[in-house]
Amino acid sequence: MKALVALILLVQLPIHKAVPAAPPAPLGCDDPESEAAAEVAVNYINGHSHHGYKFALNRIEDIRVVPQGPNNDIIFLELDLLETKCPILSPTPLANCTVRSFAEHAVEGDCDVKLQKVDGILSVLASKCHSHADSREDILKVCPDCPLLASMNNTEVLETVSAALNDYNSKTTDSYLRLLEIGRAKIQYHPGHVVATEFAVGATNCSAQEAKANVGACQLLPEDQSNFGFCTAVMVKAPSQDLQVDCQLYGHQVPAPAFPCFPGYSRLLVLLQGIILSQDTSAGLAPSAVGVTNHNLGLFHNNPVASESSSSEILRSMLSAKSVAKRAVAEAAQHDKVPRPVGFVPPPPPCPGRIRYFDI
């Protein structure tokens, strides 16, 4: 009898089911956590780029977080970047680098980055980037008289770089400099004919005086002594003639810049130095630079020490993330059709984020 009463009482007790924890709210593109991940990603991209200039964050286009376990998340980012005036070899911190203005013929970078966050520590697993200069039409609409980017293998560009280096080396008492790569160039025809160039250089084991006797024997300093720099040159060809050259050497950096560490570095330098020795109009450029106006941020990199690194996985995951984002936009649009009280201001969408400089 007692057992029966106990059973009846148990049946009458309210049943409490465990309520699953609500999933965390999705990150917005301007949330501090998103910006922290973007900062790590941009530093990684600049640290693994071998050509051209450093890039700065302009906008976080999208972010998706995939939980892997306690305190372990995979983060997918879509980033819009803008080229700065700091060469990739420059020791200047990115925070101190000026983004090129729209009128200077800006260059935009688009990057997909996969990161992992474990116990609050972010690391990049893979990245995929490409860059492009703004269209000529867009620039001329805003600034009809602004000179546009010229092809880096343009004959006038190569002549200007060669003349500038010869002029600098003929006047310096320091190391003889060799060309590493042409960064960018512009040609202006009105009101005067002017060619403006920017190019990276490296110090050699010869003084400028020694190079006059046997320039072919002058080689770039070894990595543990390397000294890279950057030059700007402006050649006025009409109505008068003038050449202005300014070169700055950064001094030896420890660790050495990423530029000399990539495969084929020595072979590339032989090609780059050819312009100074032979005046060949194509020898001063890497194959990827011939006929183009800007160095492509063609970075496709997998972290070899990351356990989650996979070049194909980042692409599949990015496509999946974009599909989810499209569904979210469609659902939001449907949700907006619901009648709202007068004066209601909908919250801003979580992505894309704010534009830091300007839109291309």
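Rule-based calculations on the coordinates, nothing more; no lab input. Since this is a predicted model, take the numbers as computed values, not measurements. Positions of Cβ are backbone-derived with ideal geometry, glycine not excepted, and every protein chain shown enters the neighbour counts.
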Self-check item: Net lengthening on full extension, residue 43/residue 246 (0.36 nm per residue, minus Cα-Cα)
Solution: 70.3 nm
Self-check item: Normalised contact order of region 128-226, rounded percent, pairs of Cα under 8 Å and 6 or more residues apart
Solution: 24 percent
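Starting from the Cα gyration tensor of region 24-146, multiply each eigenvalue by 5, take the square root, and state the resulting semi-axes largest first in whole Å. Display every interim value, and only then the final one.
Working: eigenvalues 183, 51, 25 Å².
The equivalent ellipsoid of region 24-146 has semi-axes of 30, 16, 11 Å.
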Quiz prompt | Burial order of peptide ranges 37-43, 351-357 (average beta-carbon count within 10 Å, highest first) | solution = 37-43, 351-357
Quiz prompt | Charge dipole (debye, nearest 20) of region 24-146; +1 at Cβ of Lys and Arg, -1 at Cβ of Asp and Glu | solution = 380 debye
Exercise. Can you tell me the order of 245-251, 120-126 when each peptide is scored by its average per-residue count of other Cβ atoms within 10 angstrom, highest first?
Key: 120-126, 245-251
Practice problem: Give the relative contact order (percent, whole number) for region 24-146; include only Cα pairs under 8 Å separated by 6+ residues. | Solution: 22 percent
Quiz item: Which percent of Cα pairs goes in each bin when the distances of region 150-255 are cut into 10 angstrom slices starting at zero?
Solution: 15, 44, 30, 10, 1
Quiz prompt | Taking region 183-260 and dividing mean pair separation by its residue count, relative contact order in percent (alpha carbons under 8 Å, at least six apart) | solution = 29 percent
Exercise. Apply the Debye scattering formula to region 100-175, with a single equal point scatterer on each alpha-carbon and no solvent, then give log10 I(q)/I(0) at q = 0.15, 0.26 Å⁻¹.
Key: -0.80, -1.13
Quiz item: What ranking, highest mean first, results for peptides 72-85, 162-175 when packing means the other Cβ atoms within 10 Å averaged over each residue?
Solution: 72-85, 162-175
Self-check item: Pairs beyond 30 Å (Cα-Cα), from 54/117; 141/171; 85/128
Solution: 141/171
